[in-house]
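Okay, structure first, notes after.
The values are calculated or read from the model by the stated rules, or taken from the named source; none is laboratory data. Predicted, not measured: the structure shown is a model, and the values here were computed from it. Ideal geometry is used to build each Cβ from the backbone, glycine not excepted, and the neighbour counts take in all protein chains shown.
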Amino acid sequence: MRILITGAGGQLGSVLCEVFGHETVIPKDLPDFDLTRPTVEEEIIGSAPDLIIHAGAYTDVDGAEREPDLASAVNAKGTERIARAAVHLGARLIYISTDYVFDGKQRTPYREDDNPCPVNQYGFSKWRGEQAVLASGARALIIRTAWLYGSVGKNFVKSIMRAAQSEPILKVVNDQSGCPTYAQDLAAAVASLVGKHVEGVIHVTNRGQCTWYEFAQAIVREMGFRCSIVPITTEQAGRLAKRPPYSVLNPDRLLSLGHVLPEWSQALTRFAKVSHRSSYSP
C-alpha cells in the first residue's frame, strides 16, 4: 500500500512514518510541500497514494488569531485540496482534527455527533477542514484528538520541561480540562483504524482527563524536576486566543472498535522513560 503522509516531519507525522514503515510511505512537508499552494492537488495525484493521512496543519492557536487568513489557507483550503485529490484517486483519506472544534460549554465528554462551535480561529479553521472533507465525498475518516505531545515539534510537555530546568515556580492554567495524548499512542490507533476501514468521525485520545495544571504537575513529577507549580485562571494567563474550558472527548466509538488507548498518566510515564533514556533535552 502506498501511504502519503502530510506534516511528515511533525510530532505526529514523524511517528506515523515509523509506524507505517513496512508500507511504501510518501512523506510530504514544508518547505517543498506547502498546503497553501494550488499545486498541492496535482502533487498528490502525481504520487498516486492508496491512502492519504493528512496530519499537516497550522497549529499555533494564538498565532491563528494574528494570522486567520493563513490558518484558513492551510487548515481549510489546504484540506479541501487534499480531499479533492483523494476523490480523484479513489484513495482513502484520514484527516487529523482537534478538540478545539468545540466551545467547551458542556461538562460531559463530547461525542462525535455533538455540534462543533469553535471559539477561536484555529478551531474554526480545523472545523472548516472537517466540513471540506465531509462535503468532498471522499472515503474519509476524521480523527479528532487533543493536547498532543511527543519528542518532535513544539508542545506543552516540552515547554514545561524546558521551563522547569531554569525556573523555580511555574504558573499553569487550572480551569481548562482536556485529554493529553501521546503521539505514539495516537499513531498506533491510526494504524489500527486503517485496518478496520472505518469512516466518518471518531475521537481518539489517551483515556482520562485533567487540567493543564494537573498535567504540568505530572510532568514535573515524572521528569524529576523540583520546581513548584502554581494554579492560575485562564484570565490570568492572558493568552490571545480564547480556549474551551472543557474539551474532553468521548472515546466510546473507538472502544467499540476494540482499540483502547492507555490512560494519559501511564502514557506520560512511558514518554518520560524514553526521554531520559535518550538524554532528551527540550
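The figures follow:
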{"item": "Segment 186-245, subset among the small types (Gly, Ala, Ser), in a loop (DSSP other than H, G, I, E, B) and out of contact with any strand residue (DSSP E or B) (no Cβ under 8 Å at 6 or more places or on another chain), residue nearest to GLN165 (Cα to Cα)", "result": "GLY224"}
{"item": "Residue list for segment 49-81, filter: closer than 13 Å to ARG128 by Cβ, aliphatic (A, V, I, L, M) and either touching a strand residue (DSSP E or B) at 6+ places or on another chain (Cβ under 6 Å) or in a helix (DSSP H, G or I) (or both)", "result": "ALA64, ALA71, ALA73, VAL74, ALA76"}
{"item": "From GLY104, GLY9, GLY46, residue being out of contact with any helix residue (DSSP H, G or I) (no Cβ under 8 Å at 6 or more places or on another chain), over 25 Å from ALA241 (Cα atoms), in contact (Cβ under 8 Å) with a residue 60 or more places away in the chain and not in a strand (DSSP E or B)", "result": "GLY9"}
{"item": "Looking only at segment 115-161, and only at residues there that are over 15 Å from the mean Cα position of the chain (by Cα) and part of a strand (DSSP E or B), the one that is farthest from ALA91 (Cα to Cα)", "result": "ALA140"}
{"item": "Failed item, numbered, when ASP69 is tested on (1) surrounded by fewer than 20 Cβ atoms within 10 Å (Cβ to Cβ); (2) touching a residue at least 12 places away in the same chain (Cβ under 8 Å); (3) closer than 16 Å to ARG37 by Cβ", "result": "(2)"}
{"item": "Residue list for segment 199-227, filter: surrounded by fewer than 19 Cβ atoms within 10 Å (Cβ to Cβ) and among the charged types (D, E, K, R)", "result": "GLU199, ARG207, GLU214, ARG221, ARG226"}
{"item": "Filtered residues of segment 241-274 (kept if over 20 Å from the mean Cα position of the chain (by Cα) and of a type in the set (A, V, I, L, M, F, W, C))", "result": "LEU257, VAL274"}
{"item": "Single residue of GLN209, GLN176, GLN184 found to be of a type outside the set (Phe, Trp, Tyr), under 24 Å from LYS126 (Cα atoms), modelled with pLDDT of 95 or more and touching a Phe, Trp or Tyr at 6+ places or on another chain (Cβ under 6 Å)", "result": "GLN176"}
